Amino acid sequence: MTTEDLNGTEAAVLLVLMAEASPVKNSALRTLGPELPKSSRDKLTNAGLIEVNTSVRPMTLELTDKGWRVCGELIGGEPPARSTGAGKALFTVLAGVRRWFDRTDTRPADVFFPRANSAAPTDGIDATVDIEAAIRAAYARLAREPGSTVRLSRLRSQLPEIPRTELDDALARLRRCEDVSLIPEENQKTLTEEERAAAVFVGNQHNHLLSIES
């Protein structure tokens, strides 16, 4: 599916899910943007752009990695056919955002992240699993491809609701997985103060980069 296959409502809902960067209750869409008809919900699901969780009530919707990529294409793209004046204005604004993205080598996942209270972890083992899953999900949004490196400073900006110590502990645990690597920046002189502060000390060294193969 390309952006040309989307109608105005479908494109708008994808952009809402991008802005929220977390599962959104279906009933909340009417507050955040347009309601999504079942036919369009099924269309986006079948295209692999959203995941629908029907095990909770009300059901929730969330962007997939493919959905994030399509949103990146929507930013700066042409408005869907038969868009209203408000819809055209939105895409004019997004075109300005695209110019800034291109100038600063920024991607949507660098800018949009969950609200601070949207994904508070639970206690005990579930909390550990939730944090590690959140790290993997944030990495998937930021990485250009599996196995590429993502700066921990960017990863932390995606997970503001997780306390520093808990995030560091989860990164240390994930490092034991075969598909996960924590890597120090080879050229330390290029690091900004933010990047230095975001490092996690594991393996007797400060690590600034994260790589996940799968």
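So, in region 83-93, of the ones that are exposed (fewer than 12 other Cβ atoms within 10 Å of the Cβ) and more than 16 Å from VAL13 (Cβ to Cβ), which residue ends up nearest to the chain's Cα centre (by Cα)?
Initially, region 83-93 is screened for residues exposed (fewer than 12 other Cβ atoms within 10 Å of the Cβ), giving 84-86, 92-93.
Narrowing further to those that are more than 16 Å from VAL13 (Cβ to Cβ): 85, 92-93.
Working: GLY85: 29, THR92: 23, VAL93: 21 Å.
Here the answer is VAL93.
Are any residues in region 202-214 closer than 13 Å to ALA172 by Cβ and surrounded by fewer than 11 Cβ atoms within 10 Å (Cβ to Cβ), and if so, which ones?
ASN204 - this is the single residue of region 202-214 that is closer than 13 Å to ALA172 by Cβ and surrounded by fewer than 11 Cβ atoms within 10 Å (Cβ to Cβ).
What number of residues in region 53-85 are hydroxyl-bearing (Ser, Thr, Tyr) and touching a strand residue (DSSP E or B) at 6+ places or on another chain (Cβ under 8 Å)?
Of region 53-85, the ones hydroxyl-bearing (Ser, Thr, Tyr) are 54-55, 60, 64, 83-84.
Imposing the further condition that a residue be touching a strand residue (DSSP E or B) at 6+ places or on another chain (Cβ under 8 Å) reduces the set to 60, 64.
So the answer is 2.
If you take just the helices (runs of 4 or more DSSP H) that sit entirely in region 25-90, which of them hold at least 2 residues that are of a type in the set (A, V, I, L, M, F, W, C) and modelled with pLDDT of 90 or more? Let's see the steps before the verdict.
Values: elements: 29-32, 38-46, 65-74.
Once the helices (runs of 4 or more DSSP H) in region 25-90 are filtered for at least 2 residues that are of a type in the set (A, V, I, L, M, F, W, C) and modelled with pLDDT of 90 or more, what remains is 29-32, 65-74.
Being of a type in the set (Val, Ile, Thr), without any contact (Cβ under 8 Å) to a residue 60 or more places away in the chain and either farther than 19 Å from PHE201 by Cα or not in a loop (DSSP other than H, G, I, E, B) (or both) is the filter here; which residues of region 136-184 pass it?
Initial filter on region 136-184 (of a type in the set (Val, Ile, Thr)): 149-150, 162, 165, 180, 183.
So of that shortlist, the ones also without any contact (Cβ under 8 Å) to a residue 60 or more places away in the chain come out as 162, 165, 180, 183.
Passing the criteria: THR165, VAL180, ILE183.
Output the number of the condition that ALA143 fails; it satisfies all remaining conditions of (1) surrounded by 12 or more Cβ atoms within 10 Å (Cβ to Cβ); (2) over 24 Å from PRO23 (Cβ atoms); (3) at pLDDT 90 or above.
(2)
Go through ARG57, ARG69, ARG30 for me and flag whichever is among the charged types (D, E, K, R), within 20 Å of PHE91 (Cβ to Cβ), out of contact with any Leu (no Cβ under 8 Å at 6 or more places or on another chain) and free of Cβ contacts under 8 Å to residues at least 12 places away in the same chain.
Details: ARG57 fails: within 20 Å of PHE91 (Cβ to Cβ); ARG30 fails: within 20 Å of PHE91 (Cβ to Cβ).
From the options ARG57, ARG69, ARG30, the qualifying one is ARG69.
Restricting attention to region 152-168, report how many residues are exposed (fewer than 15 other Cβ atoms within 10 Å of the Cβ) and of a type in the set (Lys, Arg).
So the answer is 1.
Taking the criterion of being touching a Lys or Arg at 6+ places or on another chain (Cβ under 6 Å) and in the same structural domain as ARG82 (by TED's automatic domain parsing), would at least one residue in region 22-40 satisfy it? Outline the logic, then answer.
At the first step, the residues of region 22-40 found to be touching a Lys or Arg at 6+ places or on another chain (Cβ under 6 Å) are none.
Among the residues of region 22-40, not one is touching a Lys or Arg at 6+ places or on another chain (Cβ under 6 Å) and in the same structural domain as ARG82 (by TED's automatic domain parsing), which makes the answer no.
Would you mind telling me which numbered condition in (1) exposed (fewer than 14 other Cβ atoms within 10 Å of the Cβ); (2) assigned to a helix (DSSP H, G or I) ALA11 fails?
(1)
So, of the residues in region 202-214 that are outside any strand (DSSP E or B) and not charged (D, E, K, R), which turns out to be farthest from ILE135 (Cα to Cα)? Reasoning before the result, please.
Step one: list which residues in region 202-214 are outside any strand (DSSP E or B), which gives 203-204, 208, 213-214.
Then drop every residue that is not not charged (D, E, K, R), which leaves 203-204, 208, 214.
Numbers: GLY203: 19, ASN204: 22, HIS208: 15, SER214: 13 Å.
Going through the qualifying residues, I end up with ASN204.
How many of the residues in region 169-201 are within 22 Å of ASP130 (Cβ to Cβ) and buried (at least 18 other Cβ atoms within 10 Å of the Cβ)?
The qualifying residues number 7.
The values are calculated or read from the model by the stated rules, or taken from the named source; none is laboratory data. Nothing here was measured: the structure is a model prediction, and the numbers come from that model. Note that each Cβ is placed from the backbone with ideal geometry, even for glycine, and that neighbours are counted across all protein chains shown.
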